[in-house]
Amino acid sequence: MRYRRHPSRLSALITTALLASTTVSGAWAQSSDNQGAMRALLAPHTDATLSSQMEGTLSELPVSLGVQVAEGDTLARFDCRIEQARVNVANTELGVARLNSQAKDRLRRLDAVGDLEVALARAEVEKAQSTLNLAAAQRDRCTLTAPFSGRIAAVHVKPFQTMSAGTPILDLVADGPLKVRLNAPSSSLASLSVGQPLTLNISETGKRYAATLSAINARIDAVAQTVELEAELDQAHPELVAGMTGRALLDALDANIPDQSTLDQSTLDQSPLDQSTQESTTPEPQDNP
């Protein structure tokens, strides 16, 4: 028997199979992006917005944007003349109360006064001491000091500005390693675990960094259907700065995605090309002599 092939039909079937392979490969690539890749944000371990603790006029602002400060450094100072005057008054009243108590003690040894008057004199000393402590605490609020070492990230006020209590003055970002904040689909919660490695690709540097999942939020965002995650960088990188963004890929999820070349080959092997080719070759009966 002789077989006649149909070239046009065979070419169409090959083109269809290749398009099917490309479609499946693209679906796997999109599935990889949706399941493994997550938006990532670098954040400091400690940061704070420092605000005014009193109402007054800002007399000194020795720091500016980006300045490095150490713990205990003065960041801002208010006009404290009134608060200092109250401290002086309270200190004077304490001295008077002590003199009065000492006089009562001497009179008591002479049986000139009773025990009640001595106790009242000692109570006046304690009261004056408490008043002095209160005035000193109010005076200390005039000076804003750095609660930890770091850099100034924002300055919200200007020198000689009058403000009320609670007015933001500046933002302070702590030194040290950064943490990574992520949002993963809630459907992948069962496959997440603390200590899971991930790869971080930062957009600003164009480099990849190794990190480890360190925390999983106990609550899921019901609206976005995501769960918040935190990760720690495996080592310090001086070029990284808080606020940089990128994409993170959990290694475990990446390992579950088939290799692209293997997928393409298996798709071609399982395609109906061979079967369709066989169908396209139709046998013709030989002419009988």
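The values are calculated or read from the model by the stated rules, or taken from the named source; none is laboratory data. For clarity, every value in this text was computed on a predicted model and none was experimentally measured. Cβ coordinates were reconstructed from backbone atoms using ideal geometry, including for glycine residues, and neighbour counts include every protein chain displayed. Accessible surface is based on the protein model in full, side chains and every heavy atom, while ligands, DNA and RNA are left aside. Shrake-Rupley method; radii C 1.70, N 1.55, O 1.52, S 1.80 Å.
For Leu178, the criteria (1) under 16 Å from His45 (Cβ atoms); (2) aliphatic (A, V, I, L, M); (3) open to solvent by 80 Å² or more (accessible area, probe 1.4 Å) hold in every case but one, which is (3). Please go through the stretch 192-233 and pick out each residue that is farther than 22 Å from Pro44 by Cβ, of a type in the set (A, V, I, L, M, F, W, C) and open to solvent by 40 Å² or more (accessible area, probe 1.4 Å). If the condition is that a residue be farther than 22 Å from Pro44 by Cβ, of a type in the set (A, V, I, L, M, F, W, C) and open to solvent by 40 Å² or more (accessible area, probe 1.4 Å), then Ala218, Ile220, Ala222, Val223, Ala224 are the ones that fit.
Once the stretch 124-155 is narrowed to residues that are over 18 Å from Thr57 (Cα atoms) and among the β-branched types (Val, Ile, Thr), the residue that is most open to solvent (accessible area, probe 1.4 Å) is Thr131. State which residue pairs qualify: first residue free of Cβ contacts under 8 Å to residues at least 40 places away in the same chain and inside the stretch 100-129, second residue among the aliphatic types (A, V, I, L, M) and assigned to a loop (DSSP other than H, G, I, E, B) in any location, beta carbons under 6 Å apart, and separation of 6 or more residues or different chains. Short answer, once both residue conditions are applied: Lys104/Val113; Leu107/Val113. When the test is whether a residue is over 24 Å from the mean Cα position of the chain (by Cα), at pLDDT below 95 and of a type in the set (Val, Ile, Thr), Thr131 does not pass it.
What residue, of Ala190, Ala135, is outside any strand (DSSP E or B) and touching a Lys or Arg at 6+ places or on another chain (Cβ under 9 Å)? Let's see the steps before the verdict.
On the way: Ala190 fails: touching a Lys or Arg at 6+ places or on another chain (Cβ under 9 Å).
Of the residues listed, the single one that is outside any strand (DSSP E or B) and touching a Lys or Arg at 6+ places or on another chain (Cβ under 9 Å) is Ala135.
If I ask for residues that are surrounded by 14 or more Cβ atoms within 10 Å (Cβ to Cβ) and of a type in the set (A, V, I, L, M, F, W, C), which ones from the stretch 181-191 would you list? Selection gives Leu182, Ala184, Leu189.
Identify, please: which residue in the stretch 130-144 is free of Cβ contacts under 8 Å to residues at least 60 places away in the same chain and polar (S, T, N, Q) and is, among those, nearest to Phe78 (Cα to Cα)? Spell out how you get there, then give the answer.
Filtering the stretch 130-144 for residues free of Cβ contacts under 8 Å to residues at least 60 places away in the same chain gives 130-137, 139-140.
Applying the additional criterion that residues be polar (S, T, N, Q) yields 130-131, 133.
Values: Ser130: 24, Thr131: 22, Asn133: 19 Å.
Residue satisfying both the conditions and the ranking: Asn133.
Within the stretch 156-172, residues that are open to solvent by 60 Å² or more (accessible area, probe 1.4 Å) have Cβ atoms under 7 Å from residues that are assigned to a strand (DSSP E or B) and acidic (Asp, Glu) in these pairs: Pro159/Glu60, counting only partners at least 6 apart in sequence or on another chain.
In the stretch 111-119, is there at least one residue being assigned to a loop (DSSP other than H, G, I, E, B), open to solvent by less than 90 Å² (accessible area, probe 1.4 Å) and touching a strand residue (DSSP E or B) at 6+ places or on another chain (Cβ under 8 Å)?
no
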